[in-house]
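One structure below.
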Amino acid sequence: MRIEQLVSKAQHLARLADEPSGCATLMEEKKRSHLPGLVVMCRTHPGQVEAPICGPVFGLVLQGSTEISAGMQSLSIASGDLLVVSHDLPVATRVKHAAPFAPYLAVLISVDLTIIRSLAEQISEDWAENKHAQTLEAGSAEPALIEAVDRYLSLPEDSVEANVIIPLIRRELHFRILVGRYGGMLRNLLLPGSHASKIAKAIALIQDGARERLSLTSLASAVGMGLSSFHHHFRSIAGTSPLQYQKDFRMIEAKRLLSLGGRTVTSVALEVGYESASQFSREYSRKFGAPPRNDLPRTGRAKGRAAGGRTPDL
C-alpha cells in the first residue's frame, strides 16, 4: 500500500467536513464524519495552525510536510510519517510544504484509552516503563498501519458493513499503535503508578478545575507524588509547568467560547477563571497576537459597537 493512494480518499472526507482546522474541535464534533474520532487536516498554503488541546491521538501525514511542537519538543514530519501524541497537550502545527494543487494533508484519529487497556489485557505482556519514551513520537509509518488506515477511510457511509467493521478496524489501529515502535509512552500510561499515568491524571484534574486557583501541593498529593518530583515529571512529560499548562488551557477554552458567540469578552474571562477582564485581555493578546474581541462573531462585535460606540479592546 502506497501512501499516495490514500490522498484522494482523505481529500473527499475533508470536503465533506468543510476542511476544518483544529483537532480539538473535531474530536468533539464527531458528527462531521461517519468514521469515529477521525480528523482530516487539509491546508493549501504554508503557515501556522493554532494550537488546540490535542491528545491522545495519532496521525498519518499523506502529503506535504509540517513541524509539530508541544512544550519543549519539536518534530518535523512529512508524507508517510506517523505521529503519536500520548497526553492532552497544546500541539502547535506549522505547515511547511503545501500548495493549492498539492495541499498538506493528514489524517488524525483519536486514541480511545478504553480500547488500549482492553488490548493490553488481551496481549498480557508485562511492559517495563520506558524511560526514553516521549510525549510526541514520530517516524516512518509501518505498512500494516497504512493499510489499516486505508481500509478505515474506504468504509462507506450508512452501511451495515461500516457499522460492523468500524469497531474492528479501530481496534486494529489501536493495536498497531500500542505495540509499534512509537507507542512507548502509551504503554507507560498503562502501568499503574507510572509517571506517565500520574501526570495524565494531573492534567485531567487541571482541566476539570481550570477555573480554580491551582494549588501545586494539593495537585501533587492528589496524584501521589512529592512536590519536587511532580514538578519535574510534569515538565518532562507536558513540556511546561502546571501553572503554564492551566493558563494555556484557559486561553484555548476562551478562544473556543468566544467563537461560539452569545457571550461578552468579560463573561468569557470570568467563565475560564479570570477575575480581571483586563488581565485576561493582555494575556490573550500576548498568546494569540490579537485582542479577544477579534474572535467574537461579527454579530457580537456589531452589538458591542451599537451598545457603547465601540467594542472594548479586550
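Rule-based calculations on the coordinates, nothing more; no lab input. Fair warning: this is a prediction, and the values are worked out from it, not measured in the lab. Note: ideal-geometry Cβ built from the backbone for every residue, glycine included; neighbour counts use all protein chains shown.
In terms of the Cα gyration tensor, with a ≥ b ≥ c the square roots of its eigenvalues, is segment 140-268 rounded because a/c is under 1.5, prolate because a/b exceeds b/c, or oblate? Here segment 140-268 falls in the oblate category. Computed from label points 7 Å out along Cα-Cβ, the spacing between Ser74 and Arg282 is 2.8 nm. Here is what passes the span test in the chain: the DSSP H helices with alpha carbon length of 24 Å or more along the helix axis and a Kyte-Doolittle mean of -0.5 or above are 160-179, 242-260.
Classified by the C-alpha gyration tensor, segment 193-314 has a prolate form. Its axis ratio a/c, with a ≥ b ≥ c, is 1.5 or above, and a/b is larger than b/c.
If you wrap the tightest convex hull around every Cα atom of segment 69-212 and split its volume per residue, you get 165 Å³. Shape call for segment 55-147 from the C-alpha gyration tensor, a ≥ b ≥ c root eigenvalues: rounded (a/c under 1.5), prolate (a/b greater than b/c) or oblate? It comes out prolate by the Cα gyration axes.
Per-residue Cβ neighbour counts within 10 Å put His34, His174, His45 in the sequence His45, His34, His174, beginning with the fewest.
This ranking places Leu260, Leu205 by how few other beta-carbon atoms lie within 10 Å of each, fewest first, which gives Leu260, Leu205.
Note down the Stokes-Einstein diffusion coefficient of the chain in µm²/s, whole number, using a Kirkwood radius over alpha carbon pairs, 10 °C, and 1.306 mPa s. Roughly 76 µm²/s, to the nearest whole number. Neighbour counts of C-beta atoms inside 10 Å place Thr66, Thr217 in the sequence Thr217, Thr66, starting with the fewest.
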